[in-house]
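Inspection log for the structure reproduced underneath, given as structure tokens.
The values are calculated or read from the model by the stated rules, or taken from the named source; none is laboratory data. All values derive from a computational prediction rather than experimental measurement. All Cβ positions, even for glycine, are placed from backbone atoms using ideal geometry, and neighbour counts span all protein chains on display.
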Amino acid sequence: MSRTSMVDQTKMNRIFFCGDPHGRFAHIVDAVKAHRPTAVVLLGDLQAQRPLEQEFASILTMTEVWWIHGNHDTDSDADYDNLFGSALIDRNLHGRIVDVAGMRIAGLGGVFRGQVWMPPAPEKFETPASYMAHCGKGNLWRGGLSRKHRSSIFSVDYQRLIGEQADILVTHEAPSCHSHGFLAIDELARNLRVRRAFHGHHHVPVDYGDQAERLGFAAYGVGYRGIVDQDGNVIHTEENEAA
């Protein structure tokens, strides 16, 4: 069952951050039509059932749609192709910083995996090319990196953001304020000097307000099919149907 927060309906929330949709997008479409944000940013595990531009066809003239990928976006060929083969491929924020609705947003999609890099341990493979050189031809997919590891975080993507500056960091993995989070996400956020960070992956919505002083930035776990605005106000939340 879903519910809508008591946020002032007259307020224009310029950016919506959307937690793991897992193939369902109607709540995002409805929220855009109701609130008309300038942009929405999806925090991974989209698992679009058709090309992403088709999922959002009815709102593409109303708002900008941006995204990072999650671990489940490489579960199947269809999950991968409907996202990375979509007409919205240029809206992928992974490993870069983009001006979105007047805010500089840095993105880091995917998850840490022990076969590649599991902080705080050193990376085993810095780049996809170095992994492919050691994994054997049987592990390749479509002549390149295995599909699974196309949602693994390689340190080259992380390092690409180091030394830059942003207002907001979006990740699929959580910072250390989550029990399954990573200090590496904290360190990236502080290096970027962001004011806020939003993550998906863990499905339970959390406002880590009591951790802001320790972290050096405000952090929010958006939750399963949840939506919050850039100030952390809850726009939409759903009961967690999938762990």
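Of all residues in the stretch 181-200, those that are at positive phi and at pLDDT 95 or above have Cβ atoms under 8 Å from Cβ atoms of residues that are buried (at least 17 other Cβ atoms within 10 Å of the Cβ) and not in a helix (DSSP H, G or I), 6 or more apart or on another chain, in ARG193/ALA166. Just to be sure before I move on: is ASP8 of a type in the set (Asp, Glu), in a loop (DSSP other than H, G, I, E, B) and at pLDDT below 95 in the structure I sent? Taking the combined requirement at face value, the residue satisfies it. For the stretch 208-220, does any single residue satisfy the condition of being of a type in the set (Ser, Thr, Tyr), farther than 22 Å from ILE97 by Cβ, surrounded by 15 or more Cβ atoms within 10 Å (Cβ to Cβ) and out of contact with any Leu (no Cβ under 7 Å at 6 or more places or on another chain)? Yes, the conditions are met somewhere in the stretch 208-220.
Contact annotation: residue pairs with Cβ atoms under 6 Å, 6 or more positions apart or on different chains, pairing a residue in the stretch 76-94 that is touching a residue at least 24 places away in the same chain (Cβ under 8 Å) with a partner that is crowded, with 19+ Cβ neighbours inside 10 Å and part of a helix (DSSP H, G or I), are ASP79/ASP73; TYR80/THR74; LEU83/LEU52; LEU83/ASP73; SER86/LEU52; LEU88/LEU52. In the stretch 35-56, the residues that are in contact (Cβ under 8 Å) with a residue 60 or more places away in the chain and on the phi < 0 side of the Ramachandran plot form Cβ pairs under 6 Å with partners that are basic (Lys, Arg) and surrounded by fewer than 21 Cβ atoms within 10 Å (Cβ to Cβ), at six or more places apart or across chains, as follows: PRO37/ARG14; THR38/ARG14.
Confirm whether ASN71 is in contact with a Lys or Arg (Cβ under 7 Å, 6 or more places away or on another chain) and crowded, with 19+ Cβ neighbours inside 10 Å. Considered against the rule, which asks whether it is in contact with a Lys or Arg (Cβ under 7 Å, 6 or more places away or on another chain) and crowded, with 19+ Cβ neighbours inside 10 Å, ASN71 comes out as no.
Evaluation of ALA34 against the conditions (1) assigned to a helix (DSSP H, G or I); (2) under 20 Å from GLY200 (Cβ atoms); (3) of a type outside the set (D, E, K, R) shows that the sole unmet condition is (2).
Condition test on ILE162, is it buried (at least 22 other Cβ atoms within 10 Å of the Cβ), β-branched (Val, Ile, Thr) and modelled with pLDDT of 95 or more? No, not satisfied. Every condition in (1) in contact with a strand residue (DSSP E or B) (Cβ under 7 Å, 6 or more places away or on another chain); (2) more than 23 Å from LEU192 (Cβ to Cβ) is met by VAL116 except one, and the failing one is (2). Check GLY138 against each of (1) within 17 Å of TYR80 (Cβ to Cβ); (2) surrounded by fewer than 17 Cβ atoms within 10 Å (Cβ to Cβ) and name the one condition it does not meet. All conditions pass for GLY138, except number (1). Counted as qualifying within the stretch 73-162 are the helices (runs of 4 or more DSSP H) with 1 or more residues that are under 18 Å from ALA184 (Cβ atoms), namely 155-159.
Which condition breaks for ILE28 when tested against (1) part of a helix (DSSP H, G or I); (2) of a type in the set (A, V, I, L, M, F, W, C); (3) surrounded by fewer than 23 Cβ atoms within 10 Å (Cβ to Cβ)? Every listed condition holds for ILE28 apart from (3). Only one of the numbered conditions (1) within 16 Å of the chain's Cα centre (by Cα); (2) farther than 21 Å from GLY19 by Cβ; (3) part of a loop (DSSP other than H, G, I, E, B) is not met by HIS202, and that is (2). Is there any pair with a first residue in the stretch 104-131 that is over 19 Å from LEU183 (Cα atoms) and free of Cβ contacts under 8 Å to residues at least 40 places away in the same chain and a second that is surrounded by fewer than 21 Cβ atoms within 10 Å (Cβ to Cβ) and of a type in the set (Val, Ile, Thr) whose Cβ atoms are under 7 Å apart and which are 6 or more apart or on different chains, and what are they? Partner pairs satisfying both residue conditions: THR127/VAL156.
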